[in-house]
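Q: Mind having a look at this structure? Questions to follow.
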Amino acid sequence: MSGERPRISACIVCRDEADRLGPCLESVAWTDEVVVMDLRSTDGSAELAARHGARVVSRDPVPIVERVRNEVAEHARGEWVLVVDPDERVTPGLAAELRRLAAREDVDAVAVPRMNHDFGYPPTNPRERWEPQLRMYRRDRVRWPEVPNALPPVPRERLARVAPRDELVLVHDRSRTVPEVLDRAIRYAPVQAQAMLDRGQVFTARAMLADLGRRTYRQLVQGRAWRDGVPGLLRVGVLVGFHFYVWAAFWQLSGARRTPEDDRTVRRL
């Protein structure tokens, strides 16, 4: 009906995350509906979601959430899909801003600032404190890529960006514990390495060291990680360490060959 407020469906994919799903669900209670795709949880996650009023759909587990982003969106009834993970929370200010942006006819997707908390501490570096993430989109115009950590392509003129301010963030309780860090690396590193192989990328020690060096410099030096003390240094180690595992998996998938050229590159260090 003309003049109706656009409906927003919050879509969450969950597997055994009952310990943090509650605050996530509470933070999206303002949406028109909440759809939780439960990947055969055994810790009561599905029951918790149902108690919060979410519509729960079940399916077999997948190693990475990108594989089912489009699938869970197909269960949504709203014009807009808001993508939220169980370890994320929408702040009240961001909720109001998303409602406002959903009413615009010239917007197909919205990038929000995500504040990453590692080991319980938010960063001071703006790039990590307000990391732009495309998280809301029109269901009939945007499809999610199945590549790990990839975002949907949206024309620049159709993408709205929420201002990078603390009161407008999506809070991300990332890397709460070392087991969580390792679990993510185990699930994502081989899949991301396979994506590199599928793109035709060729492993070389030079490429690996250059990539890890750039990431370390960007996180440690440009990001001034030392200003955040021990949590800042641990954040750098976790982020760069994850990509080290990706390259290790890529080397193995590429045949695990030891070549004279790679040996020379390593010795020059």
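Q: Would you mention how many residues in the range 178-217 are open to solvent by less than 80 Å² (accessible area, probe 1.4 Å) and without any contact (Cβ under 8 Å) to a residue 12 or more places away in the chain?
A: 6
Q: Given the residues R206, R224, R214, which is the only one that is of a type outside the set (A, V, I, L, M, F, W, C), modelled with pLDDT under 95 and out of contact with any Pro (no Cβ under 6 Å at 6 or more places or on another chain)?
A: On the way: R206 fails: modelled with pLDDT under 95; R214 fails: modelled with pLDDT under 95.
Exactly one residue qualifies, and that residue is R224.
Q: Looking at the range 255-269, is at least one residue open to solvent by less than 40 Å² (accessible area, probe 1.4 Å), in a helix (DSSP H, G or I) and touching a residue at least 60 places away in the same chain (Cβ under 8 Å)?
A: Yes, some residue in the range 255-269 is open to solvent by less than 40 Å² (accessible area, probe 1.4 Å), in a helix (DSSP H, G or I) and touching a residue at least 60 places away in the same chain (Cβ under 8 Å).
Q: Another question, if that's okay. Just to check your reading of the model, which residue among L239, L220 is open to solvent by 20 Å² or more (accessible area, probe 1.4 Å), free of Cβ contacts under 8 Å to residues at least 40 places away in the same chain and touching a Leu at 6+ places or on another chain (Cβ under 9 Å)? Working first, answer last.
A: Working: L239 fails: touching a Leu at 6+ places or on another chain (Cβ under 9 Å).
Of L239, L220, the one residue that is open to solvent by 20 Å² or more (accessible area, probe 1.4 Å), free of Cβ contacts under 8 Å to residues at least 40 places away in the same chain and touching a Leu at 6+ places or on another chain (Cβ under 9 Å) is L220.
Q: Tell me yes or no: at least one residue of the range 223-230 is under 22 Å from A256 (Cα atoms), in contact (Cβ under 8 Å) with a residue 40 or more places away in the chain and surrounded by fewer than 20 Cβ atoms within 10 Å (Cβ to Cβ).
A: Going residue by residue through the range 223-230, those that are under 22 Å from A256 (Cα atoms) are none.
No - not one qualifying residue is present in the range 223-230.
Q: Further, regarding this structure: Exactly one condition in (1) touching a Leu at 6+ places or on another chain (Cβ under 9 Å); (2) in a loop (DSSP other than H, G, I, E, B) is false for P6; which is it?
A: Looking at each condition in turn, P6 falls short on (1).
Q: Within the range 154-170, which residues are touching a strand residue (DSSP E or B) at 6+ places or on another chain (Cβ under 7 Å), of a type in the set (A, V, I, L, M, F, W, C) and open to solvent by 20 Å² or more (accessible area, probe 1.4 Å)?
A: Answer for the range 154-170, where residues must be touching a strand residue (DSSP E or B) at 6+ places or on another chain (Cβ under 7 Å), of a type in the set (A, V, I, L, M, F, W, C) and open to solvent by 20 Å² or more (accessible area, probe 1.4 Å): V154, L159.
Q: So is R55 touching a strand residue (DSSP E or B) at 6+ places or on another chain (Cβ under 6 Å) and open to solvent by 60 Å² or more (accessible area, probe 1.4 Å) or not?
A: Yes; evaluated as a whole, the condition is true for this residue.
Q: E4 - would you say it is of a type in the set (D, E, K, R), surrounded by fewer than 18 Cβ atoms within 10 Å (Cβ to Cβ) and touching a Ser or Thr at 6+ places or on another chain (Cβ under 6 Å)?
A: No.
Q: Mind listing just one residue for me: the one in the range 126-151 that is touching a Lys or Arg at 6+ places or on another chain (Cβ under 6 Å) and not charged (D, E, K, R) and, of those, surrounded by the most Cβ atoms within 10 Å (Cβ to Cβ)?
A: Going through the range 126-151, the residues touching a Lys or Arg at 6+ places or on another chain (Cβ under 6 Å) turn out to be 131, 133, 144, 146.
From what is left, the residues that are not charged (D, E, K, R) are 133, 144.
Working: Q133: 18, W144: 21.
Across the range 126-151, the extreme among qualifying residues is W144.
Q: Identify the residue in the range 100-123 that is touching a helix residue (DSSP H, G or I) at 6+ places or on another chain (Cβ under 7 Å) and in a strand (DSSP E or B) and, among all such residues, is surrounded by the most Cβ atoms within 10 Å (Cβ to Cβ).
A: Looking at the filtered set, the residue picked out is V112.
Q: Would a scan of the range 63-86 turn up a residue that is in contact with a Ser or Thr (Cβ under 8 Å, 6 or more places away or on another chain), part of a strand (DSSP E or B) and under 30 Å from V240 (Cα atoms)?
A: Yes, that holds for at least one residue.
Q: Which of the residues belonging to the range 70-92 are buried (at least 19 other Cβ atoms within 10 Å of the Cβ) and basic (K, R)?
A: Answer for the range 70-92, where residues must be buried (at least 19 other Cβ atoms within 10 Å of the Cβ) and basic (K, R): just R89.
Q: With the condition kept exactly as written, say whether any residue in the range 13-27 is assigned to a loop (DSSP other than H, G, I, E, B) and open to solvent by less than 10 Å² (accessible area, probe 1.4 Å).
A: no
Q: Restricting to the range 19-71, give me the number of residues that are of a type outside the set (A, V, I, L, M, F, W, C), more than 23 Å from V169 (Cα to Cα) and over 18 Å from the mean Cα position of the chain (by Cα).
A: Selection size over the range 19-71: 13.
Q: Touching a His at 6+ places or on another chain (Cβ under 9 Å), β-branched (V, I, T) and open to solvent by 10 Å² or more (accessible area, probe 1.4 Å): is that true of V62 in this structure?
A: no
Q: Got a number for residues in the range 28-38 being open to solvent by 10 Å² or more (accessible area, probe 1.4 Å) and not aromatic (F, W, Y)? Show your work before the answer.
A: Initially, the range 28-38 is screened for residues open to solvent by 10 Å² or more (accessible area, probe 1.4 Å), giving 29-34.
Add one more test, that the residue is not aromatic (F, W, Y), and what stays is 29, 31-34.
Residues flagged as open to solvent by 10 Å² or more (accessible area, probe 1.4 Å) and not aromatic (F, W, Y) within the range 28-38 amount to 5.
The values are calculated or read from the model by the stated rules, or taken from the named source; none is laboratory data. Keep in mind it's a predicted model, so treat the numbers as computed, not measured. Using ideal geometry, Cβ is built from the backbone for each residue, glycine included, and neighbour counts are taken over all protein chains shown. With ligands, DNA and RNA removed, areas are computed over all heavy atoms of the protein, side chains included. Shrake-Rupley method; radii C 1.70, N 1.55, O 1.52, S 1.80 Å.
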